[in-house]
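The values are calculated or read from the model by the stated rules, or taken from the named source; none is laboratory data. Bear in mind the structure is a predicted one, so any value in this text is a computation, not a measurement. Note: ideal-geometry Cβ built from the backbone for every residue, glycine included; neighbour counts use all protein chains shown.
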Amino acid sequence: MMALSDAGVLLVRATRDRFSPISLGPLAEWDPSDLSTLYQDAAGTIPAGVDDPVRLMLDKSGNGYDISAPSDTTRPFLRSSGGLFWLETDGIDDRMELSSRMGLATDPALTVCAAIEKSAADGSDYRVFHLGSFGAGSIAGSVGIGAGNGNSWRFNNGNRVFPVTTADAPEVITWERAAVSTYGESKMFYDDVEQTADSVVNPDFNPTDTGAAFTIFSQQSGNNNFRRKLHGMIVFDKVLAPADLLKVQGYLARKQGRSL
C-alpha cells in the first residue's frame, strides 16, 4: 500500500475536520472549545476565559437551547491544556440546566453524544445528563466507576448498565434509544463501539415523565453530580445512521485530542 505524502495527510485531516454536526440537525450542541459561547454571568454580558467560572453556555445548533448554571455557586470552570478546552465540575453541586424538554416527547427517540473524562471516585450513578423531572420514568445518562459500576441509562425506576470504563481517561459515550422503546432496548457506545449490557432493571418499562427540564452534570434535583471534564455534548431527537453517528463520535474525540 502506498503511504500518503505529507500533503495527502493534511488533505485528509482538512476534509475530516470540515465536518460539522450542524449538518445533521441536532437539537443542541454545547462546545466548551468555542469561547464565544461561554459567559460568566446568566445574562451573557461577561465573557468567560480559561480558569473562569461558566454560568451560561450558548447552544450552537441554532435552536436557542442555551444552558445555564442555576446560581454562581454551581458554575463549572473552563479549563485548558495543550490547545484543548473543557468544563470541569466539582462533583458536589455544579450543574447546568434549561427549563425545556427541547420538544422531546415522553418516550422519545434520543441520541446524546458526550466527550467526557470521569473521576476515579467510586460510585454507580453520576449523571451526565437528565431529561425531565426527578420522578420515576425520567430519562438520564450516567457514568460509574469501581467494581460493577458501569456506565448506564437511568430512569429512576429502572436502568440498563454497561461495562465499566477507565477513570481519568478521555472517552466519547453515546446514549441511543429509538422512539417508544423500553428500558431494555436502550443502547450505548464507547467511542465508536456498541456495548453489550451487563444488567437491566425493569426491561419492559417505558419512560413516563413529562417534566420540562434538561440538566447536565446532575439529576434535575441537583443530586448524583458528575465530577471531572466535559469537552462537548450533542443532542439529537433521532437515531442517527451509523455513518453519521461515527462522524459525530469522531468530531467529539478530536475535542479531546484523539482520533477514532
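At a glance:
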{"read-out": "Qualifying positions in the stretch 166-200 - among the charged types (D, E, K, R) and either touching a Lys or Arg at 6+ places or on another chain (Cβ under 6 Å) or closer than 17 Å to G250 by Cβ (or both)", "value": "E171, E176, D191, D192, E194"}
{"read-out": "Count of residues meeting criterion [loosely packed, with under 15 Cβ neighbours inside 10 Å, in contact with an Asp or Glu (Cβ under 7 Å, 6 or more places away or on another chain) and over 23 Å from L131 (Cβ atoms)] in the stretch 144-201", "value": "4"}
{"read-out": "Hey, A212 of a type outside the set (S, T, N, Q) and loosely packed, with under 15 Cβ neighbours inside 10 Å or not", "value": "yes"}
{"read-out": "Top-ranked residue in the stretch 215-228 [being assigned to a loop (DSSP other than H, G, I, E, B) and polar (S, T, N, Q); ranked as surrounded by the fewest Cβ atoms within 10 Å (Cβ to Cβ)]", "value": "N223"}
{"read-out": "Some residue of the stretch 37-58 being loosely packed, with under 11 Cβ neighbours inside 10 Å, at pLDDT below 95 and small (G, A, S)", "value": "no"}
{"read-out": "Hits in the stretch 124-144 (condition: hydroxyl-bearing (S, T, Y) and either touching a Leu at 6+ places or on another chain (Cβ under 7 Å) or at positive phi (or both))", "value": "S138"}
{"read-out": "Check on A136, part of a loop (DSSP other than H, G, I, E, B) and modelled with pLDDT under 95", "value": "no"}
{"read-out": "Subset of the stretch 139-160 [over 15 Å from D209 (Cβ atoms), in contact with a Ser or Thr (Cβ under 9 Å, 6 or more places away or on another chain) and not in a strand (DSSP E or B)]", "value": "G146, G148, N149, G150, N151"}
{"read-out": "The listed residue being part of a strand (DSSP E or B) and of a type in the set (A, V, I, L, M, F, W, C), out of V200, V248, V180", "value": "V200"}
{"read-out": "Pairs with Cβ under 9 Å, 6+ apart, first in the stretch 231-260 and free of Cβ contacts under 8 Å to residues at least 24 places away in the same chain and surrounded by fewer than 19 Cβ atoms within 10 Å (Cβ to Cβ), second not in a strand (DSSP E or B) and not aliphatic (A, V, I, L, M)", "value": "S259/R16; S259/G250"}
{"read-out": "Hits in the stretch 161-177 (condition: in a loop (DSSP other than H, G, I, E, B) and either within 15 Å of S142 (Cβ to Cβ) or touching a strand residue (DSSP E or B) at 6+ places or on another chain (Cβ under 6 Å) (or both))", "value": "F162, P163, V164, T165, A167, P170"}
{"read-out": "Identity of the residue in the stretch 73-95, assigned to a loop (DSSP other than H, G, I, E, B) and of a type outside the set (D, E, K, R), that ends up surrounded by the most Cβ atoms within 10 Å (Cβ to Cβ)", "value": "P76"}
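To keep it simple, each residue is scored yes or no on (1) assigned to a loop (DSSP other than H, G, I, E, B); (2) within 27 Å of N63 (Cα to Cα); (3) at pLDDT 90 or above.
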position	(1), (2), (3)
E97	no, yes, yes
P108	yes, yes, yes
C113	no, yes, yes
Y126	no, no, yes
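Residue-wise test of (1) hydroxyl-bearing (S, T, Y); (2) under 14 Å from Q219 (Cβ atoms).
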site	(1), (2)
D125	no, yes
G135	no, yes
S138	yes, yes
N151	no, no
R154	no, yes
V164	no, no
A169	no, no
